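FYI, it's all coordinate maths here, none of it is from the lab. Bear in mind that the values here come from a model prediction, so they are computed numbers and not experimental data. So basically every Cβ, Gly included, is an ideal-geometry build from the backbone, and we count neighbours across all protein chains shown.
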Amino acid sequence: MIKYNPKSLIADEFINDEEILLTLEYADKNKNDLELIDKILEKAKQNKGLNHREASVLLACEDKDKINEIYNLAHKIKNDFYGNRIVMFAPLYLSNYCVNGCLYCPYHIKNNNIPRKKLSQEEIKKEVIALQNMGHKRIAIEAGEDPINNPIDYIIDSIKTIYSIKHKNGAIRRVNVNIAATTVDNYKKLKEAGIGTYILFQETYHKKSYEYLHPTGPKHNYAYHTEAMDRAMDAGIDDVGIGVLFGLDKYRYEFAGLLMHAEHLEAVHGVGPHTISIPRVKRASDIDPTKFDNSLSDEMFYKLTACIRIAVPYTGMIISTRETPKVREKIIHLGVSQISGGSRTSVGGYSEKERPHDTEQFDVSDNRTLDEVVNWLICNGYIPSFCTACYREGRTGDRFMELCKSGQIQNCCHPNALMTLKEFLVDYASPDTRRIGENLIAKEINNIKTQNIQDFVKKQLIQIENGKRDFYL
Ligand code: SAM
């Protein structure tokens, strides 16, 4: 019998099947115990998070009033730590060459229906200019796993190219990286290249399903994949982003695994994941999502999101354009702190006039432009933020977490959100977005409590109006 040990560096010990099954049993047994649920909610209200067992009871709870309480608490916790800001980003697909055989992914090696494409540095430049012209400052680069076509040096060169391009007032100031599990040496190279977050989705924590869903290629190795974040952290990357591809296995199993992974990172490295992503399987070339019979209803998806927010209050939560505007409308109130906007999921998609579909990684369900998404967020009472200051100021890993836990992060993030939104309004917004955005800034500036910071921001807003860029605290 393999024993559960969150401090172990062995995948089967820190993501322990027996512990997950016992957790689900415990959650089933207690899901209607309102007294226990109240106790767990009381603990959660102290903003210190919950362990995977406690959170699993909340996820299993069927009481309507309690579920509403969970939603309200998720909203409140998000506001306590992250305020009413939503950070904006876009994915940039570099290459769809891949040697893996993942059953859910259109990049799988046997898919002869998609043209294979890898961007040259010149093509990356075009993509980046297109992204900058939309107003993006933060991107996540994505690539299939292929040591010949997409070796680490290609990824590093691409990052250098992306950071080097300054078109008009544009700049990509933070490059997050979503590439396959790799070695400590390669993670060191990524760290040296100045990446923001290293993102790697577990896909599924269920080992048997994992091995079935990844029948061939290096990704087949469950332990190597599951232990990747430890290698990344050993290499000095202290902002890592984890996630599950919901639909592949039972969501309650994944939820417990996800939280155990967060607990493991905290126990071993002293800092939990910087972000958690919650993608759901989508239709794509050669992929029929209905073949995965663990699909998650929207209602369950909302509950799951709120429960993650309550369990790990300091971790950013990301929603992509895999979700429709309707789902995003509901879910932004349940604890999400980052969303993508204006995304194109095909290799070279941003430089094309019309959205190309031939190399898409998944069907995009929110086709709005970045300006439309920004407009929508403002109308919903949020501040769209293009801030990238934290990692540039060295606020990463445990330093970020400390500032976040103490609530001090608000003193930087809120002013930075207003200054970067102002840049967006001046450089890229439609007249209507500019109008409502300026009103929002005028209102929100009064919420900066420290007078000298408020004065500083007011001064910089005028500077931005006069053509200066890139102010941050
Ligand atoms: N190749 C890298 C790896 O192996 O982790 C990551 C890049 S891949 C472009 C990013 C993510 O897209 C995957 O980790 C997976 O979760 C997600 N993905 C793959 N197929 C998908 C589908 N059909 N629908 C939604 N998301 C999908």
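Using Cα-Cα distances under 8 Å and only pairs 6 or more residues apart, what relative contact order does the chain have, in percent?
After rounding, I find 19 percent.
Which of the peptides 259-265, 7-13 is most tightly packed, and how do the rest follow, judged by the mean count of other Cβ atoms within 10 Å per residue?
Final packing ranking: 259-265, 7-13.
Enter the Cα centre distance for the pair the range 212-248 and the range 64-126, rounded to the nearest angstrom.
15
First obtain the Kirkwood hydrodynamic radius of the range 239-349 from its Cα pairs, then insert it into the Stokes-Einstein equation at 20 °C and 1.002 mPa s, and state the resulting D in µm² per second as a whole number.
Result for D is 145 µm²/s.
Beta carbons within 10 angstrom, averaged per residue: use that to sort the peptides 402-408, 145-151, highest first.
145-151, 402-408
Stick to the Cα atoms of the range 43-109, pair each with every other, and give me the Kirkwood hydrodynamic radius in Å at one decimal.
After inverting the mean inverse Cα-Cα distance, the result is 15.9 Å.
Could you grab the relative contact order for the range 249-400? Cα pairs under 8 Å, six or more apart, rounded to a whole percent.
This gives 21 percent for the range 249-400.
For the pair Glu393 and Val184, how long in nm is the line joining their label points, each one 7 Å along Cα→Cβ?
Result: 3.3 nm between the two label points.
Obtain the radius of gyration and the Kirkwood radius of the chain from its C-alpha atoms and give Rg over Rh.
Expressed as Rg/Rh, it is 0.95.
Going by a ≥ b ≥ c, the root eigenvalues of the Cα gyration tensor, does the range 315-381 fall in the rounded group (a/c under 1.5), the prolate group (a/b larger than b/c) or the oblate group?
Prolate, because a/c is 1.5 or more and a/b exceeds b/c.
Please work out how much length the chain gains when fully extended from Asp153 to Asp293, using 0.36 nm per residue of separation minus the C-alpha to C-alpha distance, in nm with one decimal.
Between Asp153 and Asp293, full extension yields 46.5 nm more.
At a Förster distance of 35 Å, what's the computed FRET efficiency of Asn411 paired with Lys330, Cβ-Cβ distance as r, to 0.05?
Using R0 = 35 Å, I get an efficiency of 0.70.
Pick out, from Ile37, Ile67, Asn79, the residue whose Cα sits farthest towards the positive end of the charge dipole of the range 21-88, with +1 on the Cβ of Lys and Arg and -1 on the Cβ of Asp and Glu.
Positive-end residue among those listed: Asn79.
R0 = 56 Å: FRET efficiency of Lys166 with Lys39, Cβ-based, nearest 0.05?
0.55
Residue separation times 0.36 nm, minus the C-alpha to C-alpha distance between Glu211 and Asp432: what's the value?
Taking 0.36 nm per residue and subtracting the Cα distance, the gain is 74.5 nm.
Taking a 21 Å limit on the Cα-Cα distance, which of the listed pairs Lys66/Lys303; Lys110/Lys250; Lys168/Lys443; Lys45/Lys78; Lys160/Lys189 fall beyond it?
The pairs that break the limit, which is 21 Å between Cα atoms, are Lys110/Lys250; Lys168/Lys443.
Hey, fewest Cβ within 10 Å first, where do Val175, Val374 land in order?
Ascending Cβ contact count within 10 Å gives the list Val175, Val374.
Ranking request for peptides 231-237, 462-468: highest mean number of other beta-carbon atoms within 10 Å first, then the rest in descending order.
231-237, 462-468
Which far-off residues, 5 or more places away or on another chain, put their amide H under 5 Å from the one on Leu92, with H placed in the peptide plane?
Long-range HN contacts for Leu92: Ala140, Ile141, Glu142.
Would any residue of the range 87-128 have its amide N under 16 Å from a label point 7 Å out along Cα→Cβ of Asn447? List them or say none.
Within reach of a label on Asn447: 87-88.
Which percent, to the nearest 5, of DSSP beta bridges fully inside the chain are antiparallel?
5
If I take R0 = 25 Å and measure r between the Cβ atoms of Glu123 and Asp234 in this structure, what FRET efficiency does the formula 1/(1 + (r/R0)^6) give, to the nearest 0.05?
In this case the efficiency is close to 0.15.
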